[in-house]
Amino acid sequence: MGKRQYAVIGLGRFGTSVAHRLYTAGQEVLGIDINEESVENAELSVTHAVIADTTEAETLKSIGIRNFDCVIVAIGNDMQSSILTTLLLKELGVKKVIAKALNKNHGQVLSKIGADWVIYPERDMGERVANQLLSPNMLNY
Ligand code: ATP
């Protein structure tokens, strides 16, 4: 796989984990967070990191967000910021937007406003663990 440009918005545990894996796989990763401390903590997991509020269209434009192959919105608890950021990204023409949802209602809104893939971390991880337990290789558990 060639080098792709990713942006990860929200450098909490989830966002930093996604960013870190992409970065160690040799991809270009821009990390963005409104909080200086979150940016500092994630500095070794990204190619570049910036402090910015992604609910501002002008900020997203100045970052050149349109040019990224894929943007991951990893803001969860602040639902309003997650929704507004996702909406702006699609309005600005970002091709692939992946967004983390806290619950079903949040996920429905994210899909409605154009998120290309909505992730429910706890639900998806729970399914993955159960599937692993059910796989023939795990019969000893
Ligand atoms: P996680 O469960 O991934 O650890 P968290 O519980 O630390 O996440 P969340 O509320 O889900 O926190 O937010 C993740 C990150 O998103 C935080 O570091 C927060 O500073 C950042 N964030 C919140 N609002 C914005 C915004 N408007 N612009 C950029 N970053 C934001």
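Of all residues in segment 98-130, which are more than 15 Å from the ligand (Cβ to nearest atom) and charged (D, E, K, R)?
K104, K112, D116, E127, R128
Residues that are in contact (Cβ under 8 Å) with a residue 24 or more places away in the chain: which helices (runs of 4 or more DSSP H) entirely in segment 69-141 hold 3 or more of them?
Once the helices (runs of 4 or more DSSP H) in segment 69-141 are filtered for at least 3 residues that are in contact (Cβ under 8 Å) with a residue 24 or more places away in the chain, what remains is 79-91, 104-112.
Quick check: anything in segment 51-63 away from the ligand (no atom under 13 Å from the Cβ), closer than 23 Å to I113 by Cα, surrounded by fewer than 15 Cβ atoms within 10 Å (Cβ to Cβ) and touching a residue at least 24 places away in the same chain (Cβ under 8 Å)?
Our first condition is that a residue be away from the ligand (no atom under 13 Å from the Cβ); within segment 51-63, this holds for 58, 61-62.
If we keep only those that are closer than 23 Å to I113 by Cα too, we end up with 58, 61-62.
If we keep only those that are surrounded by fewer than 15 Cβ atoms within 10 Å (Cβ to Cβ) too, we end up with 58, 61-62.
Then keep just the ones that are touching a residue at least 24 places away in the same chain (Cβ under 8 Å); that gives 61.
Yes.
Among the residues of segment 66-82, how many are more than 20 Å from S38 (Cα to Cα) and among the hydrophobic types (A, V, I, L, M, F, W, C)?
Selection size over segment 66-82: 2.
In segment 32-59, which residue that is part of a helix (DSSP H, G or I) and in contact with a helix residue (DSSP H, G or I) (Cβ under 6 Å, 6 or more places away or on another chain) is farthest from H106 (Cα to Cα)?
Once the filter is applied, the top-ranked residue is S45.
Given the structure, is A19 closer than 22 Å to G93 by Cα, within 15 Å of the ligand (Cβ to nearest atom), in contact with a helix residue (DSSP H, G or I) (Cβ under 8 Å, 6 or more places away or on another chain) and in a helix (DSSP H, G or I)?
Working: closer than 22 Å to G93 by Cα: yes; within 15 Å of the ligand (Cβ to nearest atom): yes; in contact with a helix residue (DSSP H, G or I) (Cβ under 8 Å, 6 or more places away or on another chain): yes; in a helix (DSSP H, G or I): yes.
Against the criterion (closer than 22 Å to G93 by Cα, within 15 Å of the ligand (Cβ to nearest atom), in contact with a helix residue (DSSP H, G or I) (Cβ under 8 Å, 6 or more places away or on another chain) and in a helix (DSSP H, G or I)), A19 qualifies.
Looking at L92, L84, L102, which is the one that is in contact with a Leu (Cβ under 9 Å, 6 or more places away or on another chain) and either closer than 23 Å to Q5 by Cα or modelled with pLDDT of 95 or more (or both)?
From the options L92, L84, L102, the qualifying one is L92.
If you scan segment 1-16, which residues turn out to be assigned to a helix (DSSP H, G or I) and within 6 Å of the ligand (Cβ to nearest atom)?
R13, F14, G15
The values are calculated or read from the model by the stated rules, or taken from the named source; none is laboratory data. Being a predicted model, the structure only gives us computed values, none of them experimental. Using ideal geometry, Cβ is built from the backbone for each residue, glycine included, and neighbour counts are taken over all protein chains shown.
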